[in-house]
Amino acid sequence: MKFGGTSVGSAERILQMIEIVKGAAARESVVVVVSAMSGITNLLEEACKKAAVQDENFRTVVEAISRRHDECIGALGLSPQISSRLIVHIREPLVRLGEICKGLFLVGDLTPKTKAHIMGYGELLSSRIVNAAMEEAGIQPTWIDSRQVIITNHDYESAQVDLNRTYHRIQEIVDREKGVHIVPGYIARSETGENTTLGRGGSDYTASLFAAALEAHRLEIWTDVNGMLSADPRLVSDTITIPKMSYEEAMELSYFGAKVIYPPTIQPAMARHIPIVIKNSFEPSHEGTIISEETQPDQYFVKGLTSIQHVSLFTVTGPGMIGVSGLADQLFHALREEKVSVLFITQSSSEHTICFAVHKADSPRVQMALEATWPVDSRDSRLTLVHVEENMGLIAVVGDGMRERSGIAGKIFSLLGENGINIRAIAQGSTERNVSFIINQFHVAKALNVLHEGFFLSSHKTIHLFILGAGNVGATLLNQIREAQVHFLKAGSLQIKVSGIANSKMMLLDQEGIDLRHWETRLKSEGQAIDLKVLLDRIRTFNLRNSILIDVTASEEVSNLYPALLASNVHIVTANKIAASSPYPHYAELKHLSAKHNVRFLNETNVGAGLPVIKTIRDLVLTGDHIHRIQAVLSGSLNYVFDRIGSEGILFSQAVREAREKGYTEPNPSLDLSGKDVMRKILILAREAGLKLEMDDIQNKPFLPAETLQAEDWDGLYENLKAMDPQMESERLRLSSEKKRWRYMASLIDGKVSTGLEEIDETHPAYHLKDTDNIILIWTDRYQKRPMVIAGAGAGPEVTASGVLADVISIANV
Ligand code: ADP
Ligand code: ASP
Ligand code: MG
């Protein structure tokens, strides 16, 4: 049974661990291998590195190490006898540690040998403490010095074990009849008697060596998570425990970065068919993971995902590569000489290029090795180019069930592609157990989450929303999203996270998601002053999968962010009409960027609020139809005004006021009254119909004098409108006597677009339009005799918000 750093990290943890060991020892003999208390090995490294560069602070670090152990011993409440025996074992190494560090400080140098010696102190100390605590608990354990039994070569910090001699010694020294042995992990000794270590994380390996030598029934690795998880829990949320896996799968996962088990651990246990069980000392009743010959290929094709961050990708290219097998030999020989471990290799079929990845820390040595093998001035014809890309990440998708199953690689690449993650190099072994690939470091967490969702939670997708504008429409939208969150969560199909909310003054960003029950108070109390540049930056650095920016503002600054957002793979859903009605080249650029970066730009609510106008025209055009003519009432607010005037004696200015109060108008009603809003809408429809038009191409006949609309603010505008009331009222009386009505119409006829107030009689389909309703009549090749008609409420927070939400859901594609 091996207990990791957190499992022996405090007195409380040690007592818990003893309970676990007691349970097992009641049934059979146990060898307990312990790591250093959590964090201690790092502190030891810090202390010796500091001392060696003559940094006085090494003393504080040494003190911190002493204190951690003293506190733990104090809290164990040991009897005086046991305690005094223990103190001898603790004091001596701690004093020595301080002296060696002082020595390093004086000499200003640190050799691998001394470093390995110091780094091993953590296990010596923790194993002594555990030994004493066991005695206190009434168990009579035997403490074994692993340095007496594990024999290695002289690679001090990550030494190779001489298996034969080691197994032999373990068998000699461990009395199998005896109940409990305590063994410090990680540390070993060379043939010539110098202290060595088995490499960081090496206590797992110590335990596996003991298990193999003693032909144990099983090897238990006790750690702080529920077994081997489907991905690194520090990078992916909602991971699941993998109940069973094969040795090969475990080897691939650990080799490619699953820290929960140290890669060399698998081999000794596997050679003797010993099952490895990974368990959680914080939750001993959890089954954890069993690693053995068996796997469960049917449940999930993919078992787990792992990553190695900070790798460097080398590409060696040149005509000299073709057919010269010796070149690859030379390359790998050179890397071996430098003791560089190659994480990943691919060779293109033309043999023109070899591509390999190494840990970033090894990169300088690789460059040296390449230079030594092929000096730059001799490269010319044989090897034209060596190219290195730093800051890359390696991801591996692992599972025995992937063998002979088609479509896995396809799924991996399309999931990544949808999220704008470019793959730099790919490798798949012929065992098909592992597909690994290299991407930019920046995208590692995002890629893992996207893949995890795709393979393990396929019914459950997460989208991240950033909502700009928390006014009428925005607040309504947030309410609708809250209801949708509950609904989709119940259905188990979609998780909607709102990761940002901003109004014109404040912004609040939280990549974990903002609880929509309290967004207003949180925005007020935690929000920071709005700064669109900062906002854009944060959205980019969050780099969350399926990010959608929702613009329910009427702001030009906000719409100016779109190009940068699209280029960063953020989808856009907008009710703001400014971008789609901006100069044509800009509009075309947005379409181009959305295609290039594989993200959507959706603006259904730009016209007719929630009515399906834009998507209908898009579908007609996509299916090969041609739009001949559009006639439409596109302003909900103006229609409301013209429907209201006259009823209950309401005057023009009052009708506008009402429309504004009900949230039917633009924040600035002049935009509606001038016809500008309608012009934008028909322009957007004309562009969807395939016309490259500009605002200037539209003929607009305004019904109010320009001066009326030139007001500083709403109060000024209202005064001006009141002044128009007598004239409007007399016109209205004339109209009513002629049995006609006013409608502000937009039309597109044979490529020409016009807008203006028209007087229509009851034969016109728009005559009976009520309230804020819109009507859109579309004549096409296929709708020649009678137009296609889309009608219904065309303004208002509820319908606009629901149109926005519909666009969002269509991106989620559930
Ligand atoms: P110990 O000190 O017990 O040896 P480690 O820190 O070495 O523990 O390993 C356990 C940690 O490994 C977990 O806390 C987890 O953060 C990390 N980890 C990374 N990938 C995985 C994975 N696929 N499954 C489980 N844990 C993982
Ligand atoms: N204490 C050592 C380390 O931190 C070994 C281990 O925990 O397995 O690397
Ligand atoms: Mg470990």
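The values are calculated or read from the model by the stated rules, or taken from the named source; none is laboratory data. As the structure is a computational prediction, the values presented were derived from the model and not from experiment. Methodologically, a virtual Cβ is constructed for each residue, glycine included, from the backbone with ideal geometry; neighbour enumeration extends over all protein chains shown.
Listing for the model above:
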item	result
The stretch 563-590, residues that are over 17 Å from N813 (Cα atoms) and touching a Phe, Trp or Tyr at 6+ places or on another chain (Cβ under 7 Å)	L566, A579, A580, L590
The stretch 408-432, subset assigned to a helix (DSSP H, G or I) and among the aliphatic types (A, V, I, L, M), residue surrounded by the fewest Cβ atoms within 10 Å (Cβ to Cβ)	A409
All helices (runs of 4 or more DSSP H) inside the stretch 617-723 with 2 or more residues being of a type in the set (D, E, K, R), closer than 16 Å to L757 by Cα and touching a residue at least 24 places away in the same chain (Cβ under 8 Å)	676-688
Residue count, the stretch 371-391 (criterion: at pLDDT 65 or above and either over 17 Å from A334 (Cα atoms) or not in a helix (DSSP H, G or I) (or both))	10
Subset of the stretch 157-180 that is in a helix (DSSP H, G or I) and either on the phi > 0 side of the Ramachandran plot or surrounded by 19 or more Cβ atoms within 10 Å (Cβ to Cβ) (or both) - its residue that is farthest from ligand 1 (Cβ to nearest atom)	Y167
Residue within the stretch 23-43 that is closer than 19 Å to V180 by Cβ, within 16 Å of ligand 1 (Cβ to nearest atom) and touching a Lys or Arg at 6+ places or on another chain (Cβ under 6 Å) present	yes
Test: residue in the stretch 50-72 that is outside any helix (DSSP H, G or I) and within 16 Å of ligand 1 (Cβ to nearest atom)	no
Pair list, Cβ < 6 Å and 6+ apart or interchain, from the stretch 748-765 residues that are in contact (Cβ under 8 Å) with a residue 40 or more places away in the chain and closer than 21 Å to D677 by Cβ to residues that are among the hydrophobic types (A, V, I, L, M, F, W, C) and part of a strand (DSSP E or B)	L748/I630; T755/A746; L757/W742
Sole residue being assigned to a strand (DSSP E or B) and either within 13 Å of ligand 3 (Cβ to nearest atom) or modelled with pLDDT of 95 or more (or both), chosen from T206, T197, T265	T197
Answer residue from the stretch 583-632, given it is among the small types (G, A, S) and closer than 22 Å to G794 by Cβ and is farthest from the chain's Cα centre (by Cα) among those	A632
In the stretch 1-17, residue surrounded by the most Cβ atoms within 10 Å (Cβ to Cβ) [restricted to those that are closer than 20 Å to A216 by Cβ and more than 12 Å from ligand 3 (Cβ to nearest atom)]	M1
Single unsatisfied condition, Q511 versus (1) touching a helix residue (DSSP H, G or I) at 6+ places or on another chain (Cβ under 8 Å); (2) farther than 18 Å from K446 by Cβ; (3) surrounded by fewer than 19 Cβ atoms within 10 Å (Cβ to Cβ)	(2)
Qualifying position, being of a type in the set (S, T, N, Q) and not in a helix (DSSP H, G or I), among S730, S747	S747
Odd one out for I274, checked against (1) surrounded by fewer than 18 Cβ atoms within 10 Å (Cβ to Cβ); (2) of a type in the set (V, I, T); (3) more than 9 Å from ligand 1 (Cβ to nearest atom)	(1)
Test result for N42, at pLDDT 95 or above, within 16 Å of ligand 3 (Cβ to nearest atom) and under 44 Å from the mean Cα position of the chain (by Cα)	yes
Among (1) more than 27 Å from E283 (Cα to Cα); (2) out of contact with any helix residue (DSSP H, G or I) (no Cβ under 6 Å at 6 or more places or on another chain); (3) not polar (S, T, N, Q), the one test that H217 misses	(1)
Residue within the stretch 123-131 that is surrounded by fewer than 18 Cβ atoms within 10 Å (Cβ to Cβ) and either among the charged types (D, E, K, R) or farther than 25 Å from G23 by Cα (or both) present	no
Options A213, A188, A258: the member that is of a type in the set (A, V, I, L, M, F, W, C), within 14 Å of ligand 3 (Cβ to nearest atom) and either touching a Ser or Thr at 6+ places or on another chain (Cβ under 7 Å) or on the phi < 0 side of the Ramachandran plot (or both)	A258
Answer from I467, I439 - the residue that is part of a strand (DSSP E or B), under 20 Å from H310 (Cβ atoms) and of a type in the set (V, I, T)	I439
Unmet criterion (only one of (1) farther than 27 Å from N668 by Cβ; (2) touching a residue at least 24 places away in the same chain (Cβ under 8 Å)) for K591	(2)
Residues of the stretch 283-295 classified as within 27 Å of the chain's Cα centre (by Cα) and either within 13 Å of ligand 3 (Cβ to nearest atom) or in a loop (DSSP other than H, G, I, E, B) (or both), total	1
In the stretch 531-566, residue surrounded by the most Cβ atoms within 10 Å (Cβ to Cβ) [restricted to those that are assigned to a strand (DSSP E or B) and among the β-branched types (V, I, T)]	I550
Filter result for S237 (more than 20 Å from the chain's Cα centre (by Cα), modelled with pLDDT under 95 and away from ligand 2 (no atom under 14 Å from the Cβ))	no
Residue, nearest to ligand 3 (Cβ to nearest atom), within the stretch 49-58, restricted to residues that are under 15 Å from I118 (Cα atoms) and surrounded by fewer than 23 Cβ atoms within 10 Å (Cβ to Cβ)	K49
Residue check, V88 under 23 Å from S146 (Cβ atoms), without any contact (Cβ under 8 Å) to a residue 12 or more places away in the chain and either acidic (D, E) or assigned to a helix (DSSP H, G or I) (or both)	yes
Meets criteria (within 16 Å of ligand 1 (Cβ to nearest atom), surrounded by fewer than 18 Cβ atoms within 10 Å (Cβ to Cβ) and either of a type outside the set (V, I, T) or on the phi < 0 side of the Ramachandran plot (or both)) for E293	no
Enumeration of residues in the stretch 18-46 that are more than 14 Å from ligand 2 (Cβ to nearest atom) and in a helix (DSSP H, G or I)	I18, E19, I20, V21, K22, G23, A24, A25
Any hit, the stretch 23-34, residues being in contact with a Pro (Cβ under 7 Å, 6 or more places away or on another chain), in contact (Cβ under 8 Å) with a residue 12 or more places away in the chain and surrounded by 18 or more Cβ atoms within 10 Å (Cβ to Cβ)	yes
Residues being under 20 Å from E135 (Cα atoms) and either within 16 Å of ligand 1 (Cβ to nearest atom) or surrounded by fewer than 21 Cβ atoms within 10 Å (Cβ to Cβ) (or both) - total across the stretch 181-197	3
